[in-house]
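Novice: Got a structure here, written out as structure tokens. Questions coming.
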Amino acid sequence: MIRGTKTFENRTFEKIALCCAKYADSIPVVLFLGFFTGTVMQRWWAVYAAIPGTGKIITLATFYMQRNNPQASKWLRTLTRYLILAWMMCMRTTCRPLRNKYPTLESMQRAGFLLKHEAEILSLEQEESHKWSLRVINWALILVRQGREDGYFENPSDATRLLDPIVAFKKSCSVVLKYQITAIPLSFVQAVTLTVQIFGLVSLMGKQFVDFPTKLLVIDCYLPILPAMQYLAYLSWLKLGEVAVNPFGEDDDDFDIVGLFENHVGLAGDLLQLFELDHKNPVKESLEQINCTLFKLEGNITTKSPEVPTVEAIHTAEEIPFMVLNNFVLFIVITASHLGCRLNIDLANL
């Protein structure tokens, strides 16, 4: 509120405040924010759903391989490395923390995800580094065909079954790359931000507590609290959309792609150990000691029906006479109460 002695300045301010208050509601801030946040959150969820997974492919390959073939373990480890490498190359194009951890092909080679001759092939496509993941997936497809020709599968048709999840994995990587290439236009974000800022400025001018002759104010203060809360709500709505525009950043609310990548690597190692049946796998010993568990073999199972407690087991012979006496007394009391109620009703009707 303006408190002063200059009448001309006060009237000028009041006219500006009236004009801002009149046209503040005409700014389509809710429409802009609703469309912006709706589009951003749909894209956020689509990107989250499109993140590929490697566990299904490695699990199927583990159970399709021949365990008595010494070369099958090398083949399975190579396929697992290709899948992990493709996942990492796909996500590093959109995720800055993962790209900072593995910035070059040499860093991937030092980490053990890439071999020297493979790095030389990929270095020829340095200008199209976003397609490295698709190239590595093609290597995995060629590896499956070679495994079928070399007889690494228990059944040759298992190679065809393994191709379907690999193709789906490639499609998911393509979707993630597509979202990375076609980002939300910066002008769209700027337009929504400018709309919210203009609404805040107009509300600041139009929601002033001025002394109009025809306006009776019950509460007067120097800060318009309710308009400020409205502006803060719109500003928070805007910040939510800005954070969701790039979910692969370094903020705490973004996707933890580095942790997810480490989880994929650990899961792949566990599945490889499952294939090789090393000392960490208790399956063989558990099968031999099945009779030491609750679920024994069928010949050793003894079934015993549960015993139903009888009246004699619950109450001894000495307690039965007292129970009969108590029940008889209770029956007499209930009967007397019923007769008393009927007598009172009959006397009331006389």
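Bear in mind that the values in this text are calculations on the coordinates, not laboratory data. Since this is a predicted model, take the numbers as computed values, not measurements. Note: ideal-geometry Cβ built from the backbone for every residue, glycine included; neighbour counts use all protein chains shown.
Novice: Kindly rank 64-73, 164-173 from highest to lowest mean number of other beta carbons found within 10 Å of each residue.
Specialist: The densest-packed peptide leads the list: 164-173, 64-73.
Novice: Quick one: check the C-alpha center-to-center distance for region 225-269 versus region 71-126, whole angstrom.
Specialist: Distance between centres, Cα-based: 27 Å.
Novice: Please give the length that would be gained between F188 and D270 if that part of the chain were fully extended, namely 0.36 nm times their separation in residues minus their C-alpha to C-alpha distance (nm, one decimal).
Specialist: Using 0.36 nm per residue and subtracting the Cα-Cα distance, I get 25.0 nm.
Novice: Please state the relative contact order of region 44-176 as a whole percent: Cα pairs under 8 Å, 6+ residues apart?
Specialist: Answer for region 44-176 is 41 percent.
Novice: Taking every pair of Cα atoms in region 36-110, average 1/r, invert it to obtain the Kirkwood radius, and report Rg/Rh to two decimals.
Specialist: 1.13
Novice: So which of K56/K131; K171/K239; K101/K170 end up more than 25 Å apart, counting from Cα to Cα?
Specialist: K171/K239
Novice: Place the peptides 242-249, 85-92 in order of packing, highest mean first, counting for every residue the other Cβ atoms within 10 Å and averaging per peptide.
Specialist: 85-92, 242-249
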